[in-house]
Amino acid sequence: MGIIRNLANHLTVIRQSLTRNHNKIIMSRQLHARRTEGVDNNVWVEFAQLAADYKAVNLGQGFPDFSPPKFVQEAFVKAVSGGPLMHQYTRAFGHPRLVKSLAKLFSRIVGHEIDPMEDILVTVGAYQALFCAFQAVVNEGDEVIIVEPFFDCYQPMVKMVGGKAVYVPLRPKVEGSAVLSSGDWGLCPEELASKFTPRTKAIVINTPNNPLGKVYKTEELQVIADLCIKHNALCISDEVYEWLTYDGTKHVKIASLPGMWERTITIGSGGKSFSATGWKVGWAISAGKILKHMKTIHQNSVFHCATAAQEAVAQGFEREYELFGAPESYFQQLPAMLHHRRMKLASCLESVGLQPIMPEGGYFMIADISSIKVDFGDESSKDESYDFRFVKWLVKEKGLATIPVSAFYSPEHSKEFDKYIRFCFVKEDSTLDAAGEILKKWSQGQ
Ligand code: PMP
Ligand code: GLN
């Protein structure tokens, strides 16, 4: 009897100890997934809020403060009042009218017959197209080459799939004050070649580039294409600003180079094409054998995108197909208008001693702030990058919102590029004038 009682007591002690340990494990278990670690800071979240808090003149986040063209607005209104089906789900991989209109226009540009049902995926903005691309092609441990400066989301998206980002910077080809155009920045072919290894799965490029405004020339794209082919790697080409080039610069699609259609994922944005960033209609175009894996990610996450917005963007592309290259085309009119805004911003920056780098394309202009001496006052933030401190000071003290350029660099290289800030010039003349006034007063010591 005594032995049995002893045994029972012993078992109770073991059970209590196990329960305690189990509770300890449960209590100490993190309730978040590790993939959310190290990717929690976001420059748009931080600086959009700051601009709003200080009611600043906003040349920060990249969105037009003017309306989209009448024809797409009317198409959207017509879609919304166009009967019950416009309010219901449409085809998961893209509204049929939209994928057909995209295929028609881009087949002409890429020089390849694009199949609307096999080769196109419509997404919630270019963001989701990028997300699906990384999810669909990158395995844990794969390397992805990212050209700096880069649109910031590439880095967390690669990290979240367990990939390894490998950075290669665009460098000014001439040093010092002679660097006046984004065309003066380029990749060193030898340096780029040295980044490709047997683990390289893809390279990400962005042309026209955010934030620099660089538009890659055919010869530059050919160097990238040759390396992709040699190493059997993919190219993810973010071309959301494809219609916006200036001073006769031509946008070239890397997918149109020989041997590249079957290894390129081209990303586009209806928001950027028609100045309607809030509609969040984007797409990826690629060979069906690659694109089908992106469809798998899409069908298991988002599934459908908003029908009426897709219908409106489809009608916009149908119109642009008919008017392609004509002066009435929005893809001609928008860059012509933005060329003036860009010149206005450049002369305004120059007049106060800020040296801009003239962009060949896109929404943005970066300027060198190293000549400006500012007493930030606030010692608590002195470990932060110089450009972050400068941008915060500018919004708080002067009421002008911009974006720090080191946010577009890897931690390894951000220190080298922390003396530039980014201005968005896709704004009303009155907004640019208000920014000009702020800068003028500041330069006069007011
Ligand atoms: N790529 C780049 C280079 C961008 O600047 C942006 C921001 N518009 C995006 C992708 C995301 O575009 P969307 O608003 O269509 O999601
Ligand atoms: N692409 C825009 C920019 O670069 C906005 C990005 C965002 O709001 N997440 O400013």
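Since every read-out is calculated from the coordinates, none of them should be taken as a lab result. The shown structure was predicted, so the numbers you read here are calculated from the model rather than taken from an experiment. Note: ideal-geometry Cβ built from the backbone for every residue, glycine included; neighbour counts use all protein chains shown.
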Review point. Just one of the numbered conditions (1) within 17 Å of ALA92 (Cα to Cα); (2) over 22 Å from the mean Cα position of the chain (by Cα) is not true of ASP226; which one?
Key: (1)
Practice item. Take the range 243-285 and flag every residue that is out of contact with any His (no Cβ under 8 Å at 6 or more places or on another chain), within 16 Å of ligand 2 (Cβ to nearest atom) and under 16 Å from ASN210 (Cβ atoms). Key: LEU244, ILE267, GLY268, SER269, GLY271, LYS272, SER273, SER275, THR277, GLY282
Practice item. Working only within the range 206-218, note down all residues that are touching a Phe, Trp or Tyr at 6+ places or on another chain (Cβ under 7 Å), away from ligand 2 (no atom under 12 Å from the Cβ) and either within 21 Å of ARG263 (Cβ to Cβ) or not in a loop (DSSP other than H, G, I, E, B) (or both). Key: THR207
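To keep it simple, each residue is scored yes or no on (1) of a type in the set (A, V, I, L, M); (2) out of contact with any Lys or Arg (no Cβ under 6 Å at 6 or more places or on another chain); (3) over 20 Å from ASP433 (Cβ atoms).
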site	(1), (2), (3)
PHE331	no, yes, yes
VAL352	yes, yes, no
PRO356	no, yes, no
GLU360	no, yes, yes
SER370	no, no, yes
GLY377	no, yes, yes
Check your understanding: Looking at (1) buried (at least 20 other Cβ atoms within 10 Å of the Cβ); (2) out of contact with any Lys or Arg (no Cβ under 6 Å at 6 or more places or on another chain); (3) more than 20 Å from GLN135 (Cβ to Cβ), which is the one condition that is false for THR218?
Key -> (1)
Study note, to complete from the structure: If you go through VAL174, VAL168, VAL138, VAL147, the only one that is within 30 Å of SER371 (Cα to Cα) and either touching a residue at least 40 places away in the same chain (Cβ under 8 Å) or within 16 Å of ligand 2 (Cβ to nearest atom) (or both) is VAL147
Review point. So VAL147 clears everything in (1) part of a strand (DSSP E or B); (2) under 22 Å from ARG342 (Cα atoms) except one condition, right? Which one?
Key: (2)
**Study point:** Looking only at the range 118-147, and only at residues there that are of a type in the set (A, V, I, L, M, F, W, C) and more than 26 Å from GLY94 (Cβ to Cβ), the one that is surrounded by the fewest Cβ atoms within 10 Å (Cβ to Cβ)
**Key:** VAL147
**Study point:** Single residue of the range 259-284 satisfying the filter (part of a helix (DSSP H, G or I) and over 13 Å from the mean Cα position of the chain (by Cα)) that is surrounded by the fewest Cβ atoms within 10 Å (Cβ to Cβ)
**Key:** GLY278
Check your understanding: Got at least one residue in the range 79-102 being exposed (fewer than 14 other Cβ atoms within 10 Å of the Cβ) and within 20 Å of TYR330 (Cβ to Cβ)?
Key -> no
